[in-house]
Structure formats: C-alpha cells, structure tokens
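Trainee: Just dropping this structure here.
The values are calculated or read from the model by the stated rules, or taken from the named source; none is laboratory data. Note that this is a predicted model, so its numbers are computed, not measured. Neighbour counts run over all protein chains shown; Cβ positions are idealised from the backbone, glycine included.
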Amino acid sequence: MLQAENTLFTLVMLLYFSAMILYFAFVALKKDPIVKVAMGLQGLGLVLHTAALVLRGLAAGRLPLTNQYEFATAFAWGLCLVSLIFMLRFTFPLLGAFSAPVTFLIIGYAAMQSKEIHNLMPALQSNWLGFHVSTAIIAYGAFGVSFVLGIIFLLRDKMKAQGFLDEHIPSREKLDIIAYRSVSLGLLFLSFTIITGAIWAERAWGSYWSWDPKETWSLVTWLVYAVYLHLRLRKGWQGKAAAIFAVAGFVCVMFTYIGVNTFLPGVHSYK
C-alpha cells in the first residue's frame, strides 16, 4: 500500500509540475486551449493526490496528518483545492500561473521529508486530530490563495494595459474582493483550528492554552488576518495596502508552519 502511495505521490508531483509549465506557456503564448489542459492536469493531480492521502491513511491506520511529510502534502492538497475552486468560481484561470508554483514548492518540501510511519504518541490518539488538522489545511490553503492574489494585485499595478491581461486578470477592485473572501475563509477555518486545538489540549494535557510556540504563532497569524478584516470592514481599507497585508500574513503562516518547527521546538514539533 505504501508503494502505491509513493507511486501516486510521484505522479502527483509530475502532474502539478506539468500544470505549472502549461500555465506559464499560457501566459507566454496567450493560447486559451493551453490553460484548459493545465486546469485538467491540476484537477487530475488533485484526484490522485486525494487517493494518495487515502492510501497513506489506510497504511498508517489513522489520518495521515501527524508529521512534517503528511502535513506538507496535505497543505499542498488544500492549496490546490482552494485555488482550483477560486479559478472556477471567479472564471480566473490565470490564477493558476501564480498558485501552481506555490503548490509545487510545498509538495516539493514534502518530498524532502521522511515518509516513515511512526506510532502516534498518546497525546495524538484523539478524534480531535481530524478536526484540528483538517481545518488548518483549509485555512492555510485559503491564505495561500490570498497571498497569490496579493502578488497579482501588486504586479497588476505595474502592468501596461494590453488585451490579454485585461481579459484574463480581473480588475483591481475584483481582485481585492476575491482576496478579501479568501482571507475571510482562511480566518474562519483558522479560528476552528485554534478552538479545536484548545479543546484537544485540555483533553490531552489538562490545559486549554500553554503558550507553546506553535500556539503562540497561530494566535499571531490569527491576529494579523483579524486586523486585516477589521481595517477593511471598519476603515474601508482596500487596494495596495490590503494586498501587502495579505502577502505579509502568509509569511506569518509559513513561519508558523516551518519556522516554528525548525527554530522553536515544542509540543507540536512532531508535525
């Protein structure tokens, strides 16, 4: 079963890489059929990625969400899913040219991690695992999309008006709204992540909050995006400043995920 999972994982990487190249070709050659193939490959990659996660879970006898490899590949899955939903929902296929490289980098990071399956430590043997980590995956995926949208917004300010870009990149106003919705989705699921994590911590260690580095930086990330939404809703904060904020927020997300595990070990170091 693990061999099948490894084979699917390799195929998924190839599909995501191929989709990324085709998205780039779409931008360079300006041929609409290319992007349809790219989205098709991304969709196929998502299906096989789901199958790989299922096989991993069956082989491990648990949800495949408890170590660096498993969370990284699930993170890439979440980003792929959310970006594909946004591309279809807002008829914005060019988003793939920016989101596909981020997805490929994250799954590439997963490929560098150990795939060995270990027994769960007692604290992880809980039904709260699925709720806690799955909501984090969707939150991170949504924040990844908002990061990409922020980059597109900032680059759009520097682009000269031309038919292809005007046709395939939404207006600044629409980009701003899509990014706002992505941040709202991410903050909602991050809130679920923190709440379920607190409940889980109380069951496992007898305390809802212990100021573990991962907990602290998750709270910092939540506050960053909460400030974004507060300034937008109360102060009418939009445009370039909001895009920069969305980009900076994802830096906090990546530090919470990778930086904390690398530099600030704690009870979450097993992820």
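Trainee: Among the residues of segment 209-221, are any modelled with pLDDT of 90 or more and of a type in the set (A, V, I, L, M)?
Mentor: Within segment 209-221, one or more residues are modelled with pLDDT of 90 or more and of a type in the set (A, V, I, L, M).
Trainee: Here is a check on your reading of the model: is residue 72 crowded, with 20+ Cβ neighbours inside 10 Å and at negative phi? Let's see the steps before the verdict.
Mentor: Details: crowded, with 20+ Cβ neighbours inside 10 Å: yes; at negative phi: yes.
For residue 72, the condition - crowded, with 20+ Cβ neighbours inside 10 Å and at negative phi - is met.
Trainee: Tell me yes or no: at least one residue of segment 187-194 is farther than 15 Å from residue 245 by Cα, among the aromatic types (Phe, Trp, Tyr) and over 15 Å from the mean Cα position of the chain (by Cα). Spell out how you get there, then give the answer.
Mentor: The initial filter retains those residues of segment 187-194 that are farther than 15 Å from residue 245 by Cα, namely 188-194.
After this cut, where a residue has to be among the aromatic types (Phe, Trp, Tyr) as well, the list is 189, 192.
Filter again for over 15 Å from the mean Cα position of the chain (by Cα), leaving 192.
The answer is yes; a qualifying residue exists.
The rows are residues; the columns are (1) touching a Lys or Arg at 6+ places or on another chain (Cβ under 8 Å); (2) buried (at least 18 other Cβ atoms within 10 Å of the Cβ); (3) assigned to a helix (DSSP H, G or I).
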residue: 5; (1), (2), (3): yes, yes, yes
residue: 12; (1), (2), (3): no, yes, yes
residue: 15; (1), (2), (3): no, yes, yes
residue: 19; (1), (2), (3): no, yes, yes
residue: 22; (1), (2), (3): no, yes, yes
residue: 28; (1), (2), (3): no, no, yes
residue: 36; (1), (2), (3): no, no, yes
residue: 39; (1), (2), (3): no, yes, yes
residue: 45; (1), (2), (3): no, yes, yes
